[in-house]
């Protein structure tokens, strides 16, 4: 079995004295793990960080075995984020979620594209937290648990959608949701439209929605919590006043 594909590094853990088991999110083949020789070298360490973009060349004797890969870095990688701990926290959380939630060896080009879009805006401080929320919503969509924010679940109206049902993930209008508002999740406008604007509290509301459904549909059935990196991101965004 051999292939070559564009990929993002999701994680790398030491294996032996000089190697590593590297988890990749590839463009066309989904999540793949591979052994990478020489991963401990000074040359390779910088592009084995979560979010690094590489060309992966993979080879395995049998399709169901752990194969070996060589990785060629693309561009400058994530070096532009090294002085921004908050953005690095966002990248770490995004990679950890993809690594924990996506199935092995199953194509999910939408997840690859969503991670690419997020990495592309991480240096834009005022934008990336909202894009991160959309990234999580995209992961839910890829896994078959997408939110339906197109119309009110109760009345069918397209207007004044301000809540999300925590049971179904469908939008609810202000009028229809008024009697149950304490049981519904607030819906920030930016999740309805890129032109929706971003107010204080909107990122927190968005993360509450995506976090709820990630726990309910993805990690709950696996009897696992959200990845620690995602929990830490919420804390750090709060400390920075970015929620």
If a residue must be in contact (Cβ under 8 Å) with a residue 24 or more places away in the chain, outside any helix (DSSP H, G or I) and within 17 Å of residue 125 (Cβ to Cβ), how many such residues does the range 223-242 contain?
2
Do we have any residue at all in the range 211-222 that's in the same structural domain as residue 88 (by TED's automatic domain parsing), within 14 Å of the chain's Cα centre (by Cα) and either exposed (fewer than 13 other Cβ atoms within 10 Å of the Cβ) or not in a helix (DSSP H, G or I) (or both)?
no
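Just give me the residues in the range 55-88 being more than 20 Å from residue 119 (Cβ to Cβ), part of a loop (DSSP other than H, G, I, E, B) and either at pLDDT 85 or above or in the same structural domain as residue 112 (by TED's automatic domain parsing) (or both), in sequence order. Give the steps one after another, and end with the answer.
Of the residues in the range 55-88, the ones more than 20 Å from residue 119 (Cβ to Cβ) are 57-70.
Next, from what is left, pick out any that are part of a loop (DSSP other than H, G, I, E, B): 60-66.
Residues satisfying the conditions are 60, 61, 66.
Any residue at all in the range 109-124 that is farther than 27 Å from residue 12 by Cα and in contact (Cβ under 8 Å) with a residue 40 or more places away in the chain? Lay out the reasoning, then the answer.
Going residue by residue through the range 109-124, those that are farther than 27 Å from residue 12 by Cα are none.
Among the residues of the range 109-124, not one is farther than 27 Å from residue 12 by Cα and in contact (Cβ under 8 Å) with a residue 40 or more places away in the chain, which makes the answer no.
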Identify all residues within the range 63-88 that are loosely packed, with under 15 Cβ neighbours inside 10 Å and at positive phi; write none if there are none.
75
Residues in the range 144-179 that are touching a strand residue (DSSP E or B) at 6+ places or on another chain (Cβ under 9 Å) and in contact (Cβ under 8 Å) with a residue 60 or more places away in the chain: how many?
1
When you scan the range 171-179, do you find a residue that is modelled with pLDDT of 95 or more, in a strand (DSSP E or B), touching a helix residue (DSSP H, G or I) at 6+ places or on another chain (Cβ under 6 Å) and not assigned by TED's automatic domain parsing to the domain that holds residue 129, even just one?
no
Apart from one, (1) part of a helix (DSSP H, G or I); (2) without any contact (Cβ under 8 Å) to a residue 12 or more places away in the chain; (3) in contact with a helix residue (DSSP H, G or I) (Cβ under 8 Å, 6 or more places away or on another chain) all hold for residue 182; the odd one out is (3)
Out of (1) over 24 Å from residue 116 (Cα atoms); (2) modelled with pLDDT under 95, the one residue 164 does not meet is (2)
Based on this model, can you work out whether residue 24 counts as within 23 Å of the chain's Cα centre (by Cα), in a strand (DSSP E or B) and without any contact (Cβ under 8 Å) to a residue 60 or more places away in the chain?
yes
Given (1) closer than 15 Å to residue 30 by Cα; (2) free of Cβ contacts under 8 Å to residues at least 60 places away in the same chain; (3) crowded, with 23+ Cβ neighbours inside 10 Å, residue 91 misses just (1)
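The values are calculated or read from the model by the stated rules, or taken from the named source; none is laboratory data. The shown structure was predicted, so the numbers you read here are calculated from the model rather than taken from an experiment. Quick reminder, even Gly has a Cβ in these numbers, built from the backbone with ideal geometry, and neighbours come from all protein chains shown.
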